[in-house]
1. Among the listed residues T183, T140, T122, identify the single one that is in contact (Cβ under 8 Å) with a residue 24 or more places away in the chain and β-branched (V, I, T).
2. Within the range 66-81, can one find any residue that is within 30 Å of A191 (Cβ to Cβ), touching a helix residue (DSSP H, G or I) at 6+ places or on another chain (Cβ under 7 Å) and of a type in the set (A, V, I, L, M)?
3. Would you check which residues across the range 36-54 are surrounded by 13 or more Cβ atoms within 10 Å (Cβ to Cβ), of a type outside the set (G, A, S) and in a loop (DSSP other than H, G, I, E, B) and list them?
4. Could you grab me the full set of residues in the range 132-170 that are assigned to a helix (DSSP H, G or I), within 18 Å of Q104 (Cβ to Cβ) and open to solvent by 40 Å² or more (accessible area, probe 1.4 Å)?
5. What is the residue count in the range 122-144 for residues that are farther than 18 Å from G16 by Cβ and either among the polar types (S, T, N, Q) or at pLDDT 95 or above (or both)?
6. Quick one: S62 ticks every box in (1) out of contact with any Lys or Arg (no Cβ under 6 Å at 6 or more places or on another chain); (2) at pLDDT 95 or above; (3) surrounded by fewer than 18 Cβ atoms within 10 Å (Cβ to Cβ) except a single one, so which number is it?
7. With respect to S19, determine if the residue is touching a residue at least 24 places away in the same chain (Cβ under 8 Å) and assigned to a helix (DSSP H, G or I).
8. Does G116 count as open to solvent by 50 Å² or more (accessible area, probe 1.4 Å), under 23 Å from L48 (Cβ atoms) and more than 12 Å from the chain's Cα centre (by Cα)?
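The values are calculated or read from the model by the stated rules, or taken from the named source; none is laboratory data. Bear in mind the structure is a predicted one, so any value in this text is a computation, not a measurement. Every residue, glycine among them, receives a Cβ derived from its backbone with ideal geometry; neighbour counts consider all protein chains shown. Calculation scope for accessible area: heavy atoms of the full protein, side chains included, ligands and nucleic acids excluded. Shrake-Rupley method; radii C 1.70, N 1.55, O 1.52, S 1.80 Å.
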Amino acid sequence: MATLLHIRSSIFGDSGQSSVLANDFITQWHLNHDKAEVITRDLISDPLPLLDAELVSALVSSAESRTAKQQSIVNLANRLLAEVRSADQILIGVPMYNFGIPVQMKAWFDLLARSGVTFKYTDQGPVGLLEDKPVVLIATRGGQYKDGGYDFQIPFVKQFLGFLGLKDVRTVYAEGLHMGEPTQAESLSAARAELQS
């Protein structure tokens, strides 16, 4: 049975364009995979704790020295990691807010980045410890940034995923979504076609 992990991060929920496009992808995924399972991690409706000293201390602590609160943080990080490891493919909606990724997505990243668990440093540099698998990024933006040198999102996301070992990353862009209805319609249509290919 194929498993897809869907990461939602649109603050607009089901009406967010990244969510709408992701739902189209998931519909096709079900058609292409018998007995397919979709695990959805909604970072907006079920927010994760933001990075602070307590969270970092929990993730680097030894099991025998953890407080109950630190153990609860580690348990959460372990659940997130198990979702990633169990998936055959990962679908991530990446809406752009103020030139960056949603803060809720950064919280997910911070809980996944664990030295000795998802990456390690060697004398040849860092090595990702996650098994590589296909990742699809749906990048939705009000303006047009991909070809203008102002895309600070996708290079960061791809670098982070690659740092953990996830290098098979494909990005589907839907840009110019606030630049008038014709531009929006054309961009969404092109993104849908690319997601189905």
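1. T140
2. yes
3. Those that are surrounded by 13 or more Cβ atoms within 10 Å (Cβ to Cβ), of a type outside the set (G, A, S) and in a loop (DSSP other than H, G, I, E, B): L43, I44, L48, P49, L51.
4. Correct list: F156 only.
5. Step one: list which residues in the range 122-144 are farther than 18 Å from G16 by Cβ, which gives 122-135, 144.
When the remaining residues are screened for being either among the polar types (S, T, N, Q) or at pLDDT 95 or above (or both), the result is 122, 124, 127-135, 144.
The total comes to 12.
6. So S62 meets the others, but not (2).
7. Yes: the conditions hold for S19.
8. Spelling it out, G116 is indeed open to solvent by 50 Å² or more (accessible area, probe 1.4 Å), under 23 Å from L48 (Cβ atoms) and more than 12 Å from the chain's Cα centre (by Cα).
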